[in-house]
Amino acid sequence: MKDFKDKVAVITGAGSGIGRGLAEVAANNKMRLVLADVDEKGLNETLDVVKNKGVEAIARITDVSNLNEVENLASQTYETFQNCNLLFNNAGVLGPAPISQVSREMYDWLININLGGCFNGIHAFLPKMQSSGEDAHIVATCSTSGFIAYPMLGLYSASKFGIRGLMTSLRAELQGSKIGTSIVCPGEVTTNIVNSTFDGAMEQEISQAPVDEAADPKALLEVAAEDAQNTFPISPLEAAQAIFEGIAGKDFYIFTHKGYKRQLEEISSEYLKAFDRSMFQ
């Protein structure tokens, strides 16, 4: 898909960060927009931004971890615009914490939003996209953490590894159809995701635990960023521009930063060496 004008884009997590960047780039391409987020204030701000660009847009408060709400979002999309050409399953949370202090409640919260939200989007929209017979594309926001796992980000990495697996299977299933797929693997983007923490009792337990300054979530994200070679933070708008370029190029993997290539090469090398040690052919 290279001609985005008048096409319909659905964006979850549109209230801030990469979601807002995607909305701005989509509006610059004269797309019609359906914006979704749990943050009503941020969602309305994004709606104002895109409407000021002269495009048709609606906004719906949506919890992507709730299948019924995502199905309602799909129904409202097709009632309003009769189509969905670009589906951005973008909503996500970080929830940094050591695995030893993670409760099942916190696990369900993060996995249901990040991985569950991606599944719910596919489940609610894909049949309708297939029935339309038009060119379409499904994009999931993964992460370099879908390839590289860092301390304190175990749940986040698990969800992003899961998204990579889900989308890779979907890519194979849709081979030869009019629906393309991509996973977005951003490096360091200036968003507020570090503030997306679990609000339940577990958060209090974590905050009452002995504090190791080296395990501070923001500090760990800095470590992850510094681990990349010759890289630098980019804005959500710049990330969105890279994403749209990847969609136009029919890329499945859309990386925003070259600096993480070394880590992926090292991980791949470890896999290959492990195969050499296998006992059986």
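The values are calculated or read from the model by the stated rules, or taken from the named source; none is laboratory data. As the structure is a prediction and not an experimental result, all values here were calculated from the model. Here Cβ is always computed from backbone atoms with ideal geometry, including for glycine, and neighbour counts include all displayed protein chains. Heavy atoms of the whole protein, side chains included, go into the accessibility calculation; ligands, DNA and RNA do not. Shrake-Rupley method; radii C 1.70, N 1.55, O 1.52, S 1.80 Å.
With no solvent and one equal point scatterer placed on each C-alpha of segment 41-192, evaluate the Debye formula and give log10 I(q)/I(0) for q = 0.09, 0.17, 0.19 Å⁻¹, two decimals. For the requested q values the scattering log ratios are -0.32, -1.08, -1.26. Students often get this wrong: which residues of segment 91-113 have the backbone nitrogen under 13 Å from the point 7 angstrom along Cα-to-C-beta of HIS123? In segment 91-113, the label zone of HIS123 (backbone N under 13 Å from the point 7 Å along Cα→Cβ) covers 112-113. With N the number of residues in segment 1-83, Rg(Cα) / (2.2 N^0.38 Å) evaluates to 0.99.
In the chain, helices alone account for a calculated mean residue ellipticity at 222 nm of -16000 deg cm²/dmol, with every DSSP H run of four or more residues adding -39,500 (n - 2.57).
For Cα pairs less than 8 Å apart in space and 6+ apart in sequence, what is the mean separation divided by the residue count of the chain, i.e. the relative contact order in percent? Numbers along the way, then the final one.
Working: 505 pairs, mean separation 55.4, N = 281.
It rounds to 20 percent for the chain.
Taking the longest Cα principal axis of the chain as reference, the axis of helix 217-227 is set at about 90 degrees. A straight Cα-to-Cα reach below 27 Å connects LYS53 with the lysines LYS2, LYS5, LYS7, LYS30, LYS41, LYS250, residues fewer than 8 places away in its own chain not being considered.
Rule-of-thumb check for the chain: C-alpha Rg over 2.2 N^0.38 Å? Numbers along the way, then the final one.
Details: Rg = 18.9 Å, N = 281, 2.2 N^0.38 = 18.7 Å.
In units of the globular-protein estimate, the chain measures up at 1.01.
Taking N as the number of residues in segment 121-197, what value does Rg over Cα atoms divided by 2.2 N^0.38 Å take? Provide the component values of the computation, followed by the final result.
Details: Rg = 14.6 Å, N = 77, 2.2 N^0.38 = 11.5 Å.
Relative to the 2.2 N^0.38 Å estimate, segment 121-197 comes out at 1.27.
Packing around the peptides 106-114, 69-77, 89-97, 268-276, taken as the average count of other Cβ atoms within 10 Å per residue, puts them in this order, highest first: 89-97, 106-114, 69-77, 268-276. Counting only protein heavy atoms and a probe of 1.4 Å, the accessible surface of the chain is 50% carbon and sulfur.
Can you tell me how much longer the chain between THR190 and GLN101 gets when fully stretched, taken as 0.36 nm per residue apart minus their C-alpha distance, in nm with one decimal? Mind showing how you got there, number by number?
On the way: separation 89, 0.36 × 89 = 32.04 nm, distance 2.73 nm.
This chain segment gains 29.3 nm when fully extended.
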